[in-house]
Amino acid sequence: MPIDAVLTELLVRQLDAWLPGALRRSRRATLALAYAGDDAAGADDALRAVGEFADRLRGRRLTVLVLAGGDQELPARLGAVEATLPGEVTVHVVPGDPARLPVALKAAGAAGDPLLAVVHGAAPEPAVLKAVAAGRPAELLAVAPAAAPLRPALTAAGFPLVAEVELVPADGSPAWLLGYATGLDKSLEAFKDALWAVDEYAGVRYRDPADPGGRPLDVSLHPEPGPLRRELVAELERGGPATVTELRRFTLTSTVYRVEDTTRALTALLDTGAVRREPEHGRLGGDVLISPGDGSSAA
């Protein structure tokens, strides 16, 4: 399934960004992988990625929780990978679905220490979100069928920074929604970098839920800026003039794009007259004020 390949790559990339920082902040950290279905996709790869940080794990403790049901071979499969990991890593395979995650996290003593949780296959319940948010800091990747937005629930759970992207398979199979929640700007930036760095030939496109046009995007290190242009214009029309710094912040926190994509989108909007700037000339620095134009299209 193309989405599984993309999600596995995203998980590994996010682990690469998360684990070094978690081990610097605390002597212990927790990685929790909770699956609503039988297939614990990516769990093996996640454990192998942990092994790449063996030198940084010295004197630290990493607990890995894997919750899944129905796959009787999973403990043996993960046990084989665990045998290659340093002794500072402990892996617990817990039968059950994500609803059991609060109990598993409590048993692991995860509250108050760095936590990266993945909830795959269903929108996380409020009790699950509350338990994950007890990490210090806490980060969450949630993957669910694209039936309802994830952002409201993640925000209500206390996560100040949330990103959301729809994964659209090229084979016509149903789309899935990926939500990411954190309290750290750098973590959100790392997630955005990982999002656009995955294999562009994996057979998945992205759709930004905030894009008024709703057009799917090819995965690329230089994503097509059309949706971001529309979102920036819509934001200016809603809230009035904003500085480039404020629009960069909007891009990071409210779209699927990265901060650095803002300048390219604004430059195109200025060229077409869809927005205006003050002062009119000079570098497009953070203090430049951007205003809606005279009705020119942002497409």
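The values are calculated or read from the model by the stated rules, or taken from the named source; none is laboratory data. This one's a predicted model, so the numbers in the text were calculated from it and none came from an experiment. Note: ideal-geometry Cβ built from the backbone for every residue, glycine included; neighbour counts use all protein chains shown.
All but one of (1) surrounded by 14 or more Cβ atoms within 10 Å (Cβ to Cβ); (2) polar (S, T, N, Q); (3) part of a loop (DSSP other than H, G, I, E, B) hold for residue 173, so report the exception by its number.
Every listed condition holds for residue 173 apart from (1).
Anything in the range 284-296 that is modelled with pLDDT of 95 or more and among the charged types (D, E, K, R)? List them, or say none.
If the condition is that a residue be modelled with pLDDT of 95 or more and among the charged types (D, E, K, R), then 287 is the only one that fits.
Given the structure, is residue 254 surrounded by 14 or more Cβ atoms within 10 Å (Cβ to Cβ), under 24 Å from residue 155 (Cβ atoms), in the same structural domain as residue 167 (by TED's automatic domain parsing) and not acidic (Asp, Glu)?
no
Which of the residues spanning the range 99-137 are surrounded by 23 or more Cβ atoms within 10 Å (Cβ to Cβ) and either over 18 Å from the mean Cα position of the chain (by Cα) or without any contact (Cβ under 8 Å) to a residue 12 or more places away in the chain (or both)?
101, 105, 110, 131
Which one of 198, 165 is among the β-branched types (Val, Ile, Thr) and modelled with pLDDT under 95?
Only one candidate passes the filter, namely 198.
Please go through the range 138-170 and give me each residue that is surrounded by fewer than 22 Cβ atoms within 10 Å (Cβ to Cβ) and assigned to a helix (DSSP H, G or I), ordered by number.
151, 152, 153, 155, 156
Suppose we keep only residues that are part of a strand (DSSP E or B) and touching a residue at least 40 places away in the same chain (Cβ under 8 Å) within the range 204-241. Which one would you say is surrounded by the fewest Cβ atoms within 10 Å (Cβ to Cβ)?
The extreme case among them is 207.
Would you please list the contacts, defined by Cβ atoms under 6 Å and residues six or more apart or on different chains, that run from a residue in the range 160-180 that is farther than 14 Å from residue 10 by Cα to a residue that is among the polar types (S, T, N, Q) and crowded, with 21+ Cβ neighbours inside 10 Å?
161/182
Going by the structure shown, is residue 100 out of contact with any Lys or Arg (no Cβ under 8 Å at 6 or more places or on another chain), of a type in the set (D, E, K, R) and modelled with pLDDT of 95 or more?
Yes.
Hey, residue 87 hits all of (1) part of a loop (DSSP other than H, G, I, E, B); (2) surrounded by 16 or more Cβ atoms within 10 Å (Cβ to Cβ) but one; which does it fall short on?
Only one criterion is unmet by residue 87, namely (2).
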